[in-house]
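Reading through the C-alpha cells given below for one structure.
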Amino acid sequence: MSKIQNAVIGSVRTVIGWVPAGWLPGGAPDPLIERRAAIGSQASRLDGPLKVAGQARFAAEVVMERLCHAALVHSTVTRGRLARMDTQAAEAAPGVIMVVTYRNMPRVGPLPLMGMADLSAVGNSSLPILQDAQVRYNGQVVAAVIAETQDQADHAASLIQVDYEREPARTVFEEAKAHARTPASVLIEKNHVSVGNAERELISAPHSVDNVYRTPGQNHNAIELHTVTAAWEGESLVVHDTTQMVAPSASALAKLFGLKKEQVRVLSPFVGGGFGGKGLWDHQIVAVAVARMIGRPLRVTLSREGVYRIIGGRSPSEQRVAISADAAGKFSALVHTGYSVMPPYGACPEQYTMGSRALYDAGSFEIVQRHVDLDIVPNTFMRAPGEAIGTFALESAIDELAHGMGMDPIELRLHNIAERHPLSGTPFSQHALKQAFDDGARRFGWERRRTTPATRREGEWRIGMGCATGSFPYVRMPGANVSITLRSDGTATIACSAQEMGMGTATVQAQHAADRLGLPIEAITFELGDSALPAAPMAGGSSQTVSIAGAIAAGAEKLTLELLRLAGNASPVAGLRPSEVRLTAGGIASTSDPARNESYRSILARAARDAVTITAAGSAPLEMFKFAMHSSSAVFCELRVSDVTGEVRVDRLLGSFDCGTILNPKTAASQFRGGMIMGLGLALMEETLFDERSGRIMNATLADYHIPAHLDVPQIDVMWTGIPDPRSPLGARGIGEIGVTGVAAAVANAVFNATGKRVRDLPITLDKLLTE
Amino acid sequence: MAIRVNGEDVPPPDDIRVSLLDLLREQMNLSGTKVGCNQGACGACTVLIDGRRVLSCLTLAVQADGKSVTTIEGLGTAENLHPLQAAFIEHDGFQCGYCTPGQICAAAAMLEEAAAGMPSYLTSDLTTDRIILSREEVQERMSGNLCRCGAHNGIIDAILEVAGERRP
Ligand code: FES
Ligand code: FES
C-alpha cells in the first residue's frame, strides 16, 4: 500500500468530515431499526433441512459427464530450479490423460493482488502458476496429473520424479527481521502513527510494562477441502467452486483468460467453511487452463496436505506492546509495534495493531507494523486477521500492567476506554464497551476472582479467571447489488451473488427483506452463490450482512418508486411521493395516513403485471469515513491448570458483545461462539509448525494440527448490548469475526491468575506451564 | 455378495482398493457423506455399518460386503427428518453444514453404544451397564468429529435432547 493511498484516504476523510451527516448514508438512522418484525427473531436456518439431510450440494458434488480429475505435485524444496522432471512413468500409468508442467501449461499471467485500489483484484499470490522452472516456496505446485479418476491421478502423481537445483532460501524469521519493510499503509490506515513521545513517557511514568508477544502461523482448516470444477462450453466457462468471492472470482477469471464477464459463471451455493481461506488460489487457475487445453471438464480437489501447502494461513507475529500509566491508571503511552510475514507476492498485511488504534485513549502513541519477507506460501486473511493476535498482545499487556499496579484489570480498561476515536478524534457512531464489561462481569461472577494469582486450587488443579477486550472494525463494502422481484401472488425473490459459508446469509437477509418489503418471511426467497446474479462483494471483513442489507434498502427505495408509477392515478396512494409512503403489510401505505394504502397484488393486477423486478446497488459506504465505527466485546474465561501435566482445561467462557443490532439471535449466537472457539484454538493448541531449516510445514494434517474438539469446548455464554448503530443499515455491524478476538488474552490472563505464570508465546501448551 | 446401502444392494467394487467413502461419494453419488481429510482425522466421512460408526475413508468398500451401510441419506430426508436431524436444526448445531452428516451419523451410533453400556474414557465405573450420558460424556464420545465453524455447543445440545427423549 502506498503513500498515494494514504493521501487519498486522508483527503476523503477530511472532505467527508465537512459534509453534514444528513447527506451521507447513515445520516438518518435506518427506519427499520424501529420497525422490525422478522429481524431479531430466532429464525432457524432456511437451509437447515438440506444441510442436516446431506442434500445441500457442495462444490465437489456436481455430477458431470466426461469429468476428469487432477492430482497436484508439490515442491519439496523451498527455493531452486526444476533441474529434471521425469514424467514418463506417470504419463504411461493407467487412466492418465496428461501431465502438466511449466513446459506445457498454457501461458497465463499472474493474478492481480487483492487490494484497496482495485476491488476486482482478488489474488492471494501474484506468483506465476506453472509458468517457469523456478521454485519460490516449499509446497509450490510443480506439476498436475490429469486422469480419468482421482485414484489414477493420485497414483500417477506419485510416479513423477523431480530433481531440484537448490538455491539459498530465506526461512528464518529472526534473520529476516533485519531486512523488514515498513509499508506506508496497512489496509486503509496509515501504518506508522506517532503521537507525542511514547518512549519518553514509558521511562518517566510511575507504572509501565514493556514486553514481546509471539504468535505462530495458523491455518484456516475449513473441513471442506478446496475443490473446483471447471467446464468450458465453447468459449464460455462454468466454474463450480467453493469460494467466498463468487462475483469477484468470475471477474478475475474473465480478465485472466481474456473473456468477457458474461462468458464466465462461478457457482458456489454452499461453502463448507471459509474463514478467509476460500479465495482464488493456484488450483483454480490450473483447473480452468487445463480444462480448456484438454477439452473436458476438470475437477481439482486439494488433498488435506495440499491445502496446507498452497493455501496460506495467518502470519506468525512478534509484537512489542508497552504501556505506561499514571498513578490513577490513565495511560500515558501506548506502544504497539512488531513484525509479521508478508512476502512481496502476498496480499495480507496481518493488521494486528488495529485494536490499539481504536480502543483506548493514551497520552502518546507509537504504532508501526513491519513486514518480514520469507520464501513461504503467501499468508492470507484468516478469521479476524490482525485483531485475533493483536488483541492477544495488547490485552495481555493491560493485564500485566493492572497486576503490576494492583488494580482490577477491568477497572484499568474502563479508565482508558476512548470516548472518541483516539487517533482521529472522530466521534464513534455507537460504542458501549463499558456496558459490555459491566453486563459480562455481572453475569460471569467476576467479583469471585482472586486478585492474587495462584491462590485457588482444587486437588491437582489450579483455578483462575481472566478477561480481555475484543475488537473489530465495521466495514461495509462498495459494489453490493441485488435484484428484487415482487410477484402478483405476494411473494418476492431477492437475488445476489453473495456467499453462504455458514453465516446464515440467506436466512438473515430473508428476515430483513420481509421487514423491508412488509411481507411475511415465508413469502421471501433469497438466491445466492451464482455470479450470474447481481454482483455482491466478497465475504470478508465481517461485511457481507450490512453490505447486502444496504443494497436491499436501496432496492426497496427503487421498488417503491416503480410501484407508485405502476399504481397510477386510480390508486389510493396516487399522488404520494416515495418519501411519503412505506412498504408495509403486503403493500404500499401513506406514512401519515396508513388508511391510504394499496396491496402489491392489487397494484400489479391493475397494471396487468405478473411481477416487477428492479436491481439496485448499495450506496457508497461513506459512513465509514464520517464516523468511527467499531465493534468491541468483553471476554471472560475461567479455567483449570494441572500442576501435574500443565494441561489447561477451560471451564467457562463468556462473550459480551457490542455489535449493534443483532438480526437473528440464534444464528448470531452461533457466529459468536464459533469465533470464540477458534479463539480457544489460537490460545491453546493451534500452530502451523514451520521448519526454519527446510522452509517446510511439518504438520500438514488434521491429526497433527490440533483444533478444538468437542471435549475442549465448554458451554459458551454469549450476550450483547444490542444497541443499534444509528449509522449502519439495520443498525447492525458485522459479527463473523469479533468472536475470535480477545479470547487468547482472556485465556492467557486466566492462566496467569491460576498459576502466576505469564505465557507470552502462543499457543499455551503444556510444556510452557511445566517449566519454572 | 453385495453391500446393502440404505436398504439397496450394490455389488462390491471390482478394485478391492476402493474405499467405502469413494464408493459412496464418487461411484454412487451419495454425496451426503463428506470428506475432510481422507486420513481418519476429521470424522466428516462417518457412516454406519450394521449400526456401528466407521470412518468410511479408512474402510475398504469390500469390508462392508454382506453388511448394511447407512449414510445420512438413509437416516432421514429434508422432508422427513430423523429426530437428530430435527434437533440439529432446532439447536443450530451447524453453520456451514459440512461436518454435519458425519456428526449426525456418529451421534446416532454413539447413542446406541451408550445404550449398550459401552464405557468411554470418562466413564468412571468400567463395569457398569448403565451409562449416564452427561454433557461431558457426550462431548468425549463425539470428539472424533471435528467442526471448524464452532457449532460444538449446538451439536451437543441437540444430541442431549435426543438422548433425553430416549431415556426410559
Ligand atoms: S475424511 Fe474420513 S476422517 Fe476425515
Ligand atoms: S458446521 Fe461447518 S464444520 Fe461444522
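The values are calculated or read from the model by the stated rules, or taken from the named source; none is laboratory data. Worth saying up front: this structure is predicted, and the values here are computed from it rather than measured. Glycine also receives a Cβ, built like all others from the backbone with ideal geometry; neighbour counts cover every protein chain displayed. The area values use the complete protein model at the heavy-atom level, side chains included, leaving out ligands, DNA and RNA. Shrake-Rupley method; radii C 1.70, N 1.55, O 1.52, S 1.80 Å.
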Paramagnetic reach from B:Ala78 (point 7 Å along Cα→Cβ, amide N under 18 Å) across the range A:499-536: A:499-511, A:522-530
For the A:Asp761, A:Arg420 Cβ pair and Förster radius 30 Å, calculated FRET efficiency rounded to 0.05 is 0.30
For the peptides B:49-61, B:114-126, A:465-477, B:9-21, what is the packing order when you average, over each peptide's residues, the other Cβ atoms within 10 Å and list the highest mean first? A:465-477, B:49-61, B:9-21, B:114-126
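Given a Förster distance of 41 angstrom, what is the FRET efficiency for A:Arg320 paired with B:Tyr121, based on the Cβ-Cβ distance and rounded to 0.05? Intermediate values should be presented prior to the final figure.
Values: r = 42 Å, r/R0 = 1.03.
Step by step, r from the Cβ atoms, then E = 0.45.
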With Rg and the Kirkwood Rh both taken from Cα atoms, where does Rg over Rh land for the range A:671-717? 1.10
Using amide H atoms built in the peptide plane, which far-off residues or other-chain residues are under 5 Å from A:Ala628 H to H? A:Phe428, A:Ser429
When ligands, DNA and RNA are left out and all protein chains stay put, how many square angstrom of accessible area per residue does the range B:3-75 have with a 1.4 Å probe? 43
For the protein assembly as shown, what is the charge dipole size about the Cα centre, in debye to the nearest 20, if Lys and Arg each add +1 at the Cβ and Asp and Glu each add -1 at the Cβ? 1980
What are the principal axis extents of the Cα atoms in chain A, in Å, biggest first? 85, 75, 53
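Order these peptides, A:448-455, A:340-347, by their mean beta-carbon neighbour count within 10 angstrom, highest first. Intermediate values should be presented prior to the final figure.
Values: A:448-455: 14.0, A:340-347: 22.0.
Most protected by this proxy first, the peptides run A:340-347, A:448-455.
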The protein assembly as shown - percent of accessible surface contributed by carbon and sulfur, probe 1.4 Å: 52
Convex hull over the Cα atoms of chain B, averaged projected area in nm²? 10.0
Taking the simple approach of a point 7 Å from Cα along Cα-to-Cβ for both A:Met698 and A:Arg200, what is their distance in nm? 4.7
Can you list the HN-Hα couplings for the range A:12-25, worked out from phi with the Karplus curve (6.51, -1.76, 1.60; θ = phi - 60°), rounded to whole Hz and with x for Gly and Pro? 4, 4, 4, 4, 4, x, 7, 6, x, 3, x, 7, 9, x
Shielding of A:421-430 by partners, i.e. mean partner chain Cβ atoms within 10 Å per residue? 0
For a protection proxy built on the mean count of beta-carbon atoms within 10 angstrom, sort A:729-739, A:292-302 highest first, please. A:729-739, A:292-302
Which of B:Ala106, B:Ile132, B:Met28, positive extreme of dipole for the range B:20-168 (C-beta unit charges): B:Met28
In nm, to one decimal, how far is the A:Met293 label point from the A:Ala595 one, both placed 7 Å along Cα→Cβ? 7.6
Taking a probe of 1.4 angstrom, what is the accessible area of A:Phe625 in Å², to the nearest 10? 40
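Averaged over B:97-109, how many beta carbons belonging to a partner chain fall within 10 Å of each residue's beta carbon?
5
In debye, nearest 20, what is the charge dipole magnitude of the range A:446-591 about its Cα centre with +1 on Lys and Arg Cβ and -1 on Asp and Glu Cβ, if you could check? Write out the running numbers ahead of the final one.
Numbers: 13 positive and 12 negative charges, 149 e Å.
Result for the range A:446-591 is approximately 720 debye, rounded to the nearest 20.
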Binned Cα-Cα distances of the range B:83-163, short to long, each 5 Å bin given as a whole percent: 3, 17, 29, 24, 15, 8, 3, 1
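Just how large is the dipole of the range B:83-163 about the Cα centre, in debye to the nearest 20, putting +1 at every Lys and Arg Cβ and -1 at every Asp and Glu Cβ?
Numbers: 4 positive and 11 negative charges, 44 e Å.
With only Lys, Arg, Asp and Glu charged at Cβ, the dipole is about 220 debye.
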Quick one: which residues, 5 or more positions from A:Tyr102 or on another chain, have an amide H under 5 Å from its amide H? H modelled 1.01 Å from N in the peptide plane, none for Pro or chain starts. none
Could you tell me which of rounded, prolate or oblate describes the range A:435-574, using a ≥ b ≥ c as the square roots of the eigenvalues of the alpha-carbon gyration tensor, with rounded for a/c under 1.5 and, failing that, prolate when a/b is larger than b/c and oblate otherwise? prolate
Out of residues 5 or more away from A:Thr584 or on other chains, whose amide H comes under 5 Å of its own, with H placed 1.01 Å from N in the peptide plane? A:Ala589
Label-to-label distance, nm, for residues given as A:Thr76 and B:Asp65 (7 Å Cα→Cβ offset): 3.5
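So if I take the alpha carbon set of the range B:3-75, get Rg, then get Rh from the Kirkwood formula, what is the Rg over Rh ratio? Intermediate values should be presented prior to the final figure.
Details: Rg = 10.6 Å, Rh = 11.7 Å.
The Rg/Rh ratio comes out at 0.91.
For peptide A:139-151, how many partner chain Cβ atoms fall within 10 Å of a residue's Cβ, on average? Let's see the in-between values first.
Numbers: counts 0, 0, 0, 0, 0, 0, 0, 0, 0, 0, 5, 3, 6.
The shielding value for this peptide is 1.
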Of A:Gly17, A:Thr149, A:Ala38, whose Cα points farthest to the positive end of the dipole of chain A (charges on the beta-carbon: +1 Lys, Arg; -1 Asp, Glu; origin at the Cα centre)? A:Gly17
